[in-house]
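For reference, the structure discussed in these notes is given below.
The values are calculated or read from the model by the stated rules, or taken from the named source; none is laboratory data. Fair warning: this is a prediction, and the values are worked out from it, not measured in the lab. Glycine also receives a Cβ, built like all others from the backbone with ideal geometry; neighbour counts cover every protein chain displayed.
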Amino acid sequence: MDRKRNVWKALAVLSFAFFVNCHGAEKKPLIQMAILLDTSGSMEGLINQARSQLWTIVNEFASIKKTGERPELQVALFEYGNSGLPAGEGYIRLIVPFTTDLDRVSEELFALRTNGGDEYCGWVIKDAAEKLKWSKSNGDYKVIFIAGNEPFTQGNVDYKETCKSAIGKGIMVNTIHCGDYQTGVTSGWKDGADIADGVYASIDQDKTVAYIEAPQDKSIAALGMELNKTYLAYGKAGDEGKKRQAEQEVNAATVSKESFVVRQVAKASANYTNSGWDLVDALNEKSVRMEDIKEKDLPEEMKNMNEKQRWEYIKQMTQKRQDIQKKINALNAEREKYLAKKRAESSGAEALDEALIKAIRTQVRKRQFSI
């Protein structure tokens, strides 16, 4: 009897292994967000809002789960309406295809420059829907956010057709008109969102968001700097990745104190991952094996260590990072309560992050994500 039972157990294990090999492990839920920004001459305010509010938007995804699992966040970035871009390509440029490297997205936002031109909304939506590698799953949250101020009807690519084609692929299109609400309605912005199961919003692109200092801000900022010390640059991409991280700290601080603090909170979330250049993330995500890394590609402080010492050091840095992230998240929970009371006392036109977050909260639930 025991022999038969062991045979059946062995067959069950082999069957499961065969199933996994044939079908692959269960796919992680995915959020794909393409941001399409008008970079014509009048849009400097919009670009500044995108720069300063990127990390606030990223943090919105930190609380989103599907069947108890945190989804992977991928962000893509387009610019359109810039006279410095080729007219034959619709004055459009794909800046960053879908990536989990949020520091790269931040870097490119700070590199954007405005230049007057024609804004072809239908064309850029078509490019985003066709040129990016969108998930095939209807259960993933796939969304385009397009922001600008000229009529949605410009250009020879019909926005009605491109919006219809996008939602046909399960891609929602949210439109953000930089101007008054009714002008956006009459110039096609609301219609584009309606066609693609999206949300229409109007914002004041020149709105200056007042910084409300919370008692936790200084502690969060200090912990964020300590967090940076746990990143171990390795391989060919190591130096570039570490440099980019440092530059985006400076960029965030230059924009506003709020942006810098919120960036530190983003770094304490699962959405901030740097497995392409950081050895801690790479090993924890199993995207690389220690034995495959040549000694010359190791972080400088690990080159003279033996194998046991290297693993102990990785374990130490992993634990240190988790401890700091836990402290930041606890402080941020207190910070959000404090800010909620203060924000309730003020009102006014929406900014870019407020428009995006409202749409996100409504739409993720349609894909069975929970907040």
Inset, instruction - Run Gln182 past the list (1) assigned to a helix (DSSP H, G or I); (2) in contact (Cβ under 8 Å) with a residue 24 or more places away in the chain; (3) of a type in the set (S, T, N, Q) and report the number of the one that doesn't hold. - result: (2)
Legend entry - Criterion violated by Ala147 - all others in (1) under 28 Å from Gln32 (Cβ atoms); (2) assigned to a loop (DSSP other than H, G, I, E, B) satisfied: (2)
Legend entry - Checking Gly198 against (1) outside the structural domain of Tyr159 (by TED's automatic domain parsing); (2) part of a loop (DSSP other than H, G, I, E, B), the condition it does not meet: (1)
Legend entry - Qualifying positions in the stretch 131-157 - over 20 Å from Lys28 (Cβ atoms) and in contact with a Lys or Arg (Cβ under 9 Å, 6 or more places away or on another chain): Phe152, Val157
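From the residues in the stretch 301-332 that are of a type outside the set (D, E, K, R), in contact (Cβ under 8 Å) with a residue 12 or more places away in the chain and over 30 Å from Glu213 (Cβ atoms), which one is surrounded by the fewest Cβ atoms within 10 Å (Cβ to Cβ)?
Applying the filter and picking the extreme gives Trp311.
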Inset, instruction - Take Asp158 and decide whether it is touching a helix residue (DSSP H, G or I) at 6+ places or on another chain (Cβ under 7 Å) and not assigned by TED's automatic domain parsing to the domain that holds Ser269. - result: yes
Inset, instruction - Considering only the stretch 281-290, state which residues are in contact with a helix residue (DSSP H, G or I) (Cβ under 8 Å, 6 or more places away or on another chain) and part of a helix (DSSP H, G or I). - result: Leu283, Asn284, Met290
Legend entry - Boolean, Glu161 is free of Cβ contacts under 8 Å to residues at least 60 places away in the same chain and not aromatic (Phe, Trp, Tyr): yes
Inset, instruction - Go through the residues of the stretch 231-243 one by one and say whether even a single one is aromatic (Phe, Trp, Tyr), crowded, with 20+ Cβ neighbours inside 10 Å and farther than 30 Å from Ala214 by Cα. - result: yes
Legend entry - Considering residues of the stretch 319-371 that are assigned to a helix (DSSP H, G or I) and of a type in the set (Val, Ile, Thr) only, the residue farthest from Gly45 (Cα to Cα): Ile324
Legend entry - Qualifying helices (runs of 4 or more DSSP H) (wholly inside the stretch 215-280; at least 2 residues being in contact (Cβ under 8 Å) with a residue 24 or more places away in the chain and over 19 Å from the mean Cα position of the chain (by Cα)): 217-228, 235-255
Inset, instruction - Just need a number here: residues in the stretch 172-200 that are in contact with a Cys (Cβ under 9 Å, 6 or more places away or on another chain) and basic (Lys, Arg). - result: 0
Inset, instruction - Take Gly179 and decide whether it is under 25 Å from the mean Cα position of the chain (by Cα) and of a type in the set (Gly, Ala, Ser). - result: no
Legend entry - Matching residues, the stretch 333-346, being in contact (Cβ under 8 Å) with a residue 24 or more places away in the chain and charged (D, E, K, R): Glu334, Arg335, Lys342, Arg343
Legend entry - Residues of the stretch 200-214 that turn out to be within 17 Å of Leu339 (Cα to Cα) and under 22 Å from the mean Cα position of the chain (by Cα), as a count: 1
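What do you reckon, is Lys190 free of Cβ contacts under 8 Å to residues at least 60 places away in the same chain and either over 30 Å from Lys160 (Cα atoms) or touching a Pro at 6+ places or on another chain (Cβ under 6 Å) (or both)?
In short, no.
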Inset, instruction - May I ask you to list the residues in the stretch 196-218 that are surrounded by 17 or more Cβ atoms within 10 Å (Cβ to Cβ), within 30 Å of Ala330 (Cα to Cα) and in contact with a helix residue (DSSP H, G or I) (Cβ under 6 Å, 6 or more places away or on another chain)? - result: Ala214, Gln216, Asp217
Legend entry - Total residues in the stretch 155-173, condition crowded, with 24+ Cβ neighbours inside 10 Å and either hydrophobic (A, V, I, L, M, F, W, C) or at pLDDT below 95 (or both): 4
